[in-house]
Amino acid sequence: QVQLVESGGGLVQPGGSLRLSCAASGFIFGIYTMSWYRQAPGNQREMVATIGPFNDPAHAAAVKGRFIITRDNAKNTVYLQMNNLKSEDTAVYYCHVEGKENAWGQGTQVTVAS
């Protein structure tokens with residue numbers, strides 16, 4: 001079955017950086033679009049970035065120019081490089097396989113605070 005394991009979250013000061021990883025298994029990783037979502041307390045889950053099988057990334061307006069999504073099909077892993085982090089980026093970050101409704105990781109907490 002599909003397994004997604006996120007890592008790399010933590011506590012960082014405003015302006016800092018983090019790199020999230022999502023290790024995938026149980027499906028043919030290279031043919032699926034992968035996405036990162038986030039959910040802050042009291043908010044709906046929102047898409048942060050997405051990347052298709054042929055490395056065609058797209059980023060939400062709120063993170064464009066600060067976050068970069070990449071993938072390594074040889075390692076079945078998708079990454080989210082987050083730079084110039086702001087307090088409003090605080091959330092639980094999830095990776096997701098587009099097209100597989102229930103394919104979500106357990107999430108990794110990102111907290112941006114001084």
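Observations
- Residues of segment 1-15 satisfying the condition of being loosely packed, with under 14 Cβ neighbours inside 10 Å and of a type outside the set (S, T, N, Q): Gly10, Leu11, Pro14, Gly15
- Residue in segment 99-106 that is touching a Lys or Arg at 6+ places or on another chain (Cβ under 7 Å) and of a type outside the set (Ser, Thr, Tyr) present: no
- Criterion violated by Gln106 - all others in (1) under 15 Å from the mean Cα position of the chain (by Cα); (2) open to solvent by 80 Å² or more (accessible area, probe 1.4 Å); (3) more than 16 Å from Gly10 (Cα to Cα); (4) not aromatic (Phe, Trp, Tyr) satisfied: (3)
- Test: residue in segment 37-44 that is of a type in the set (A, V, I, L, M, F, W, C) and either buried (at least 21 other Cβ atoms within 10 Å of the Cβ) or more than 21 Å from Asn102 (Cα to Cα) (or both): no
- Looking across segment 56-91, the residues that are closer than 18 Å to Thr33 by Cβ and hydrophobic (A, V, I, L, M, F, W, C) come down to Ala58, Ala60, Val63, Phe67, Ile68, Ile69, Ala74, Val78, Leu80.
Yes or no, residue by residue, for (1) within 12 Å of Gln81 (Cα to Cα); (2) not in a strand (DSSP E or B):
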site	(1), (2)
Glu6	no, no
Ser35	no, no
Arg38	no, no
Gly42	no, yes
Val48	yes, no
Val63	yes, yes
Thr70	yes, no
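- For segment 72-96, filtering for residues that are open to solvent by 30 Å² or more (accessible area, probe 1.4 Å) and part of a helix (DSSP H, G or I) leaves 2.
- The selection criterion, being in contact with a strand residue (DSSP E or B) (Cβ under 9 Å, 6 or more places away or on another chain), open to solvent by less than 20 Å² (accessible area, probe 1.4 Å) and modelled with pLDDT under 95, does not hold for Ala49.
The values are calculated or read from the model by the stated rules, or taken from the named source; none is laboratory data. Values in this document were obtained by computation on a predicted structure and should not be read as measured data. Every residue, glycine among them, receives a Cβ derived from its backbone with ideal geometry; neighbour counts consider all protein chains shown. Accessible surface is based on the protein model in full, side chains and every heavy atom, while ligands, DNA and RNA are left aside. Shrake-Rupley method; radii C 1.70, N 1.55, O 1.52, S 1.80 Å.
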